[in-house]
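For reference, the structure discussed in these notes is given below.
The values are calculated or read from the model by the stated rules, or taken from the named source; none is laboratory data. Note that the structure is a prediction, hence the values are computed from the model and not measured. Heads up, the Cβs are rebuilt from the backbone with ideal geometry, glycines too, and the neighbour counts pull from every protein chain shown. What goes into the accessible areas is simple: the full protein's heavy atoms, side chains included, and nothing from ligands, DNA or RNA. Shrake-Rupley method; radii C 1.70, N 1.55, O 1.52, S 1.80 Å.
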Amino acid sequence: MTQIAVVYFSGYGHTKVVAETFAGAIDASLIEIDQNGEITEQDWQTLNTAQGIVFGAPTYMAATPWQFKKFADASSKIWFTRGWQDKVFAGFTNSASLNGDKQVTLIQLQTLASQHGGIWVSLGLLPANTKDAKREDVNNLGGSVGLLVQSPSDASTDEIPTGDLETAKLYAKRVQSIVEKLHG
């Protein structure tokens, strides 16, 4: 059975909903980075045995928040032993703005995966970029490196645009397909 782990930090709950949506589409394990930037030893073991790792974090000031960065820095022990070499990686980010420099965060996540010797999976979906496009459309934000999600600053966790959540489900299935091709 394909094992994929989604490791994420969520400051206000919106990114958690995206992580749960992604994981639920493919029955992946969820690992939440706590408010101190830490995960449990069991969580590290889950990541070490996973065939695919998905990073998720909000974009704060054009990068991941410090809690995710602390997790990334802690992964250097695994980097040193090449423990995640050739695993499949993917990532997503969420912010209040339509753009909000989310691309910078995705590149940060992609770079972390590359430093670990991983294989990054792009979003693989055409953007919804015609005059008739709506926020409810799949890939309305036009991501390519990974999943982009926008949660308005005054929106509850129940108000994440449905198109972004549908995009998360499609991306999850793409990641699972790539993992199965490489490790199946």
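Annotations
- Neighbour cut-off at most 16 other Cβ (10 Å), DSSP loop, GluC sites (Glu not before Pro), segment 111-168: Glu136
- Angle in degrees between helix 14-26 and the longest Cα principal axis of the chain, rounded to the nearest 10: 70
- Answer label for Cα Rg over 2.2 N^0.38 Å (calculated), chosen among (i) 0.95; (ii) 1.08; (iii) 1.25: (i)
- Helical mean residue ellipticity (222 nm; -39500 (n - 2.57) per DSSP H run of 4+; nearest 500) of the chain: -12500 deg cm²/dmol
- Annotation note: trypsin sites (Lys or Arg not before Pro) in segment 60-112 located in DSSP loop regions with a Cβ neighbour count of at most 16 within 10 Å are Arg82.
- Of Lys16/Lys69; Lys69/Lys134; Lys16/Lys70, pairs whose Cα-Cα distance is over 28 Å: Lys69/Lys134
- Most mobile listed residue (Pro127, Pro58, Pro161) in the chain, GNM with C-alpha springs under 10 Å: Pro127
- Degrees separating the helix 162-183 axis from the principal Cα axis of the chain, which is the longest one: 30
- Per residue, the chain exposes an accessible area of 48 Å² to a 1.4 Å probe, with every protein chain left in place.
- Taking the DSSP bridge list for the chain and keeping only pairs wholly inside it, about 5 percent are antiparallel.
- Ranking of Tyr171, Tyr12 by solvent-accessible surface, largest first: Tyr12, Tyr171 (1.4 Å probe, protein heavy atoms only, all chains present).
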